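Chemist: One structure, pasted below without further comment.
The values are calculated or read from the model by the stated rules, or taken from the named source; none is laboratory data. Just so it is clear, the structure is predicted and the values come from calculations on it, not from any experiment. Cβ placement follows ideal geometry from the backbone for every residue including glycine, while neighbour counts extend to all protein chains displayed. Just so you know, the surface numbers come from the protein's heavy atoms only, side chains and all, with ligands and any DNA or RNA stripped out. Shrake-Rupley method; radii C 1.70, N 1.55, O 1.52, S 1.80 Å.
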Amino acid sequence: MPHDTNFTLVQLRYFLAAAELGSMTAAAQRINVSQSAVSTAVTHLERELGVQLLIRRHAKGLELTAAGERFQHELRGFLTHADELAESARSLGSELVGDLAVGCFQTFAPFYLPRLLRGFADRHPAVRVDVHEGDTPAVQGLLRTGQCELGLLYDLELDADIEHEVLAMAPPYALVHEG
């Protein structure tokens, strides 16, 4: 049956510093803790693992055992992965993930959507955007039923219950025969 080990990342980091520097005192100075904290952490780690990792030579520093050398080698990768895992977890709270349904007035699509979607994808690569094109009543219907979370429309003929924000102003123009 596997043995439950009970050690911390801090103890692993203290061991690695001591092993790399060959001294509990130098490790303590690098980490900015007391020498006894490093020594206690390493002793606890060795006890939990059931193996001697370091040979302590009074006034001559530390020397890795064969088990300590192998453990140190594997530990570097493990701690790198632990740091990456922590960074990944921190980013989960700030990164947008999921699906976004967007309704778009049909004449906007070819002119505005490519640039908007490209910019959005650059900032939020984990969001999948589905676009539904239609006329104003159709897009408003999609918004009301929850089939879209966002709509791109002219502010003409918008129903009073549709909350909206102006993103751009389009100048009015008319094409007429020169005569």
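Chemist: Scanning for something touching an Asp or Glu at 6+ places or on another chain (Cβ under 7 Å), closer than 17 Å to G98 by Cβ and among the charged types (D, E, K, R), does the range 124-146 turn up at least one residue?
Modeler: yes
Chemist: Please list, ordered by first then second residue, the pairs with beta carbon atoms under 6 Å, 6 or more apart or interchain, first in the range 89-104 and open to solvent by 90 Å² or more (accessible area, probe 1.4 Å), second at pLDDT 75 or above.
Modeler: Filtered contacts from the range 89-104: V97/A126; D99/R128.
Chemist: So, of the residues in the range 40-58 that are of a type in the set (A, V, I, L, M) and part of a helix (DSSP H, G or I), which turns out to be farthest from G22 (Cα to Cα)?
Modeler: L49
Chemist: Also, quick follow-up: Hey, does the range 158-168 have a residue that's assigned to a helix (DSSP H, G or I) and either more than 30 Å from G50 (Cβ to Cβ) or in contact (Cβ under 8 Å) with a residue 60 or more places away in the chain (or both)?
Modeler: No, because not a single residue in the range 158-168 is assigned to a helix (DSSP H, G or I) and either more than 30 Å from G50 (Cβ to Cβ) or in contact (Cβ under 8 Å) with a residue 60 or more places away in the chain (or both).
Every residue, every condition in (1) among the charged types (D, E, K, R); (2) at pLDDT below 90; (3) crowded, with 16+ Cβ neighbours inside 10 Å, yes or no:
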residue	(1), (2), (3)
I31	no, no, yes
L45	no, no, yes
H58	no, yes, no
A66	no, no, no
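Chemist: Quick check, is L62 over 20 Å from C148 (Cβ atoms) and in contact with a Lys or Arg (Cβ under 9 Å, 6 or more places away or on another chain)?
Modeler: Yes; evaluated as a whole, the condition is true for this residue.
Chemist: Hey, another quick one. Within the group A126, A138, A160, which residue is open to solvent by 50 Å² or more (accessible area, probe 1.4 Å) and at negative phi?
Modeler: A160
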